[in-house]
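What follows is one structure encoded as structure tokens, with my remarks underneath.
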Amino acid sequence: MYRNVLRRAIVSWKMKPCLHQPARNRLWYRIDPLTHLANRIALHEALMRIESAPARPQYQALLILDLDRFRTINHTQGHITGDRILIELASRFQHLLGTQGDLYRSGGDEFSVLYETPFHEESHAKDAALFLAKKLSYVVSSAITIDHKSFRLSASIGIIVFKNRSYSAEHLFQYADSALFRAKEEGKNTIRFFQSDFQTHLESKAVFLEQLLFAVENDQMELFYQTQTTLTCENAPRIYGAEALIRWHHPHIGTVAPNRFIPLAEESGLIIPLGHWILEHAMRQLKAWENDPDKHTWRLSINISTKQFEHESFLPSVCALLKRIACDPRKICFELTESLLIQDAKKALRKIFELKRLGILLSIDDFGTGFSSLSYLRRLKVDELKIDKSFVRRMLSSPVDRTIIETILTLGKRFNLAIVAEGIETQAQFQALKNLGCRSFQGYLFHKPCSIASIGSF
Ligand code: C2E
Ligand code: CA
Ligand code: CA
């Protein structure tokens with residue numbers, strides 16, 4: 001459902017009207033009647049196939065070539081001459097490409113080439129795509145003779161080099177098109193690549209959201225796990241669980257931290273499918289640990305965003321997942337924020353009681369940074385408070401922060417709540433927290449968040 005809602009809201013792509021073409025005369029509507037090349041609809045279909053094909057290590061390239069000042073030829077020489085030039089160019093391009101790439105007439109004076117490079121390295125693939133673009137450009141600039149008249153043209157070319165499954169069909173075309181636009185802007189007869197730096201990628205919220213949506217649906221998300229440690233009666237550290245922390249492996253940008261995308265996911269509503277994905281994967285991991293002799297006692301903390309919690313689908317989806325995955329709810333700890341409890345306390349209360357009834361543990365994340373209210377701690381039967389890492393970071397230099405930590409620890413004792421300190425990076429912080437009576441810890445000093453493969457050995 002969200003996929004469709006977001007797609008409709010986000011995508012305003014010039015290729016889109018083609019999607020509404022009737023599905024009859026299938027062959028006919030994919031062929032350009034003038035040049036007999038495959039047309040824009042066929043290109044869109046090819047890009048869709050690339051989007052969903054199994055991942056391949058080789059880079060591919062999409063080149064969009066647009067003739068410079070072609071309109072002037074049409075106006076001054078007439079459309080028949082213009083058409084003959086297009087036919088001649090189509091045949092030259094086809095001759096040049098052979099079986100190397102697929103050629104499309106994607107617009108009036110616009111041709112596109114889908115080119116599968118043999119290279120696994122992006123830089124090599126770019127070189128190959130550039131070489132091809134130069135050959136196409138040369139073909140355009142060679143004189144064309146029509147009715148004893150000689151024409152010399154030039155073209156601008158936009159290129160995107162990509163691995164399949166890293167972009168949606170819409171984005172591939174959109175990005176190659178934006179590279180073409182830049183080539184035109186920079187004086188025509190120019191070749192430009194789509195710049196894959198973060199800024200260009202995520203220049204608009206719409207693009208960002210579209211990519212995020214694609215990421216959720218195409219295995220670019222991964223849960224990392226950070227261990228949580230407690231002290232045994234003999235004061236020896238022992239791992240008792242982990243916190244699931246989401247990561248986005250963007251194919252070009254690299255790993256994106258959640259603070260960069262969770263807020264937008266919340267704002268857009270994408271947090272609902274994303275939150276569901278997180279819940280499902282975290283619960284499956286918890287279930288898998290049941291058969292691991294080292295981890296079968298571990299519990300798993302899952303961050304729940306306020307928007308996700310407030311959504312009507314939250315409780316039903318938790319119940320459905322618990323039923324389907326059959327993991328132990330008493331080993332699940334939902335980390336909620338204080339703001340969630342304050343915004344609509346009555347509604348929140350009802351949901352919280354329901355979660356408690358299921359046996360799920362509740363923790364207040366970043367405790368002390370929000371509008372802490374003692375009354376909700378009493379009413380809500382929260383199980384745990386997490387001391388925010390900002391207090392831990394400053395505790396050795398700031399008496400105020402140290403006092404806040406002491407107060408939270410006292411609160412924990414009075415209300416019978418577990419207290420976990422997070423963000424412990426140094427032995428000195430660990431020692432100071434132990435001296436204040438803290439028993440549970442999380443931080444780089446113990447383990448950094450890591451993939452499930454790395455956590456296997458803990
Ligand atoms: P958080 O829930 O407060 O998570 C703790 C953050 O502190 C994590 O950042 C973790 O990597 C980091 N951290 C842990 N130990 C240390 C340390 O010793 N030093 C320092 N400097 N940092 C430490 P991360 O993974 O980047 O997550 C940031 C925030 O994004 C989280 O803060 C949480 O609010 C949100 N988030 C992460 N994963 C999820 C998720 O699955 N769902 C939701 N809704 N939010 C998530
Ligand atoms: Ca957390
Ligand atoms: Ca936190």
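Where a number appears in this text, it was derived from the coordinates with a stated rule and is not lab data. Predicted model, so just to flag it, every value in this text is computed and none were measured. Note that we place each Cβ from the backbone using ideal geometry, even for glycine, and neighbour counts take in every protein chain shown.
Things to note:
- Estimated inter-spin distance, Tyr138 and Leu436, nm [label 7 Å along Cα→Cβ]: 7.1 nm
- Computed extension length for His79-Ala418: 114.1 nm, one decimal, from 0.36 nm per residue of separation with the Cα-Cα distance subtracted.
- Full extension of the segment from Arg284 to Thr99, taken as 0.36 nm per residue of separation minus the current Cα-Cα distance, would add 62.0 nm.
- Relative contact order of the stretch 281-350: 39 percent, from C-alpha pairs under 8 Å at least 6 residues apart in sequence.
- Taking Cβ atoms as reference points and 9 Å as the exclusive limit, the residues near Glu290 contribute a net charge of +1, counting Lys and Arg as +1 and Asp and Glu as -1.
- Residue by residue, the stretch 222-234 carries 3J(HN,Hα) couplings of 9, 8, 9, 10, 10, 5, 10, 10, 10, 9, 6, 4, 8 Hz when phi is fed to the Karplus relation 6.51 cos²θ - 1.76 cosθ + 1.60 (θ = phi - 60°); x denotes Gly or Pro.
- Less than 5 angstrom separates the built amide H of Thr337 from those of Asp365, all sequence-distant by 5 or more or on a different chain.
- Other-chain or far-sequence residues with amide H under 5 Å of Ser301's (modelled H): Ala242, Glu243, Ala244, Cys333
- Low-density loop cleavage sites - GluC sites (Glu not before Pro) in the stretch 223-309, where at most 16 other Cβ are within 10 Å (DSSP): Glu234, Glu290
- Members of Lys287/Lys413; Lys346/Lys389; Lys386/Lys434; Lys331/Lys413; Lys163/Lys448; Lys295/Lys356 lying beyond 20 Å, as alpha-carbon distances in this model show: Lys287/Lys413; Lys346/Lys389; Lys331/Lys413; Lys163/Lys448; Lys295/Lys356
- Under the criterion of Cα pairs below 8 Å and six or more residues apart, the relative contact order for the chain equals 11 percent.
- Neighbours of Leu322 by Cβ distance under 13 Å: Lys/Arg scored +1, Asp/Glu scored -1, total +4.
- Spacing of the two label points (7 Å from each Cα toward its C-beta) at Glu45 and Lys381, in nm: 5.9 nm
- In summary, the helical segments of the chain meeting the span-like criteria, namely a full DSSP H run, a Cα extent along the axis of 20 angstrom or more and a mean Kyte-Doolittle hydropathy of at least 0.0, are 79-97, 122-141, 271-289, 399-415.
- Summed residue charge, Cβ within 15 Å of Leu433's Cβ, Lys/Arg positive, Asp/Glu negative: +3
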